[in-house]
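Colleague: Quick one: this structure, given as structure tokens, is what I'll be asking you about.
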Amino acid sequence: MSWHPSKRGPLAVSRVITAPVVAALVLVVAACGDNEQATRSSRVDAARDGSLRFDRTALRTAPGRVSFKMANPSSIPHAIAIRGNGTDETGATVGEDETSRIVADLRPGRYTLFCPVGGHEQAGMTATLDVG
């Protein structure tokens, strides 16, 4: 015997239609949870020539949640870090052809991106980030 919604009455039909709609709404609401925010991406890479520098010295972005990536094409270990306006985040130290990442919630203002590996920041591996 095959089942058909119309043979079960109007309540059965509404349950058949309602269940997928409710499931879809649950997925949409879950995707909009408090912990999920739009994230911008920004990138600054270690210098290819092995010098203790980033490939850029200045960056700009809008306020909010920002993901930073730093590719390391050099054989010297590097990492990416950010500090300023109460923010202090440090990514993993990575070797050649690896990527260090950080995510930070940024307010308008000026920040410093730097390599936290011993002596690299002092040698000039820094970049200024303006948020606004």
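The values are calculated or read from the model by the stated rules, or taken from the named source; none is laboratory data. Every value quoted in this text rests on a predicted model; they were computed, and no experiment measured them. Note that we place each Cβ from the backbone using ideal geometry, even for glycine, and neighbour counts take in every protein chain shown. In case anyone asks, the SASA skips ligands and DNA or RNA and just uses the protein heavy atoms, side chains included. Shrake-Rupley method; radii C 1.70, N 1.55, O 1.52, S 1.80 Å.
Colleague: Please arrange Glu121, Glu89 by accessible surface area, largest first, computed with a 1.4 Å probe and ligands excluded.
Modeller: Per-residue accessible area, sorted high to low, gives Glu89, Glu121.
Colleague: Starting from the Cα of Arg110, step 7 Å along the direction of its Cβ; do the same at Thr61; then give the gap between the two resulting points in nm.
Modeller: Between Arg110 and Thr61, the label points sit 1.9 nm apart.
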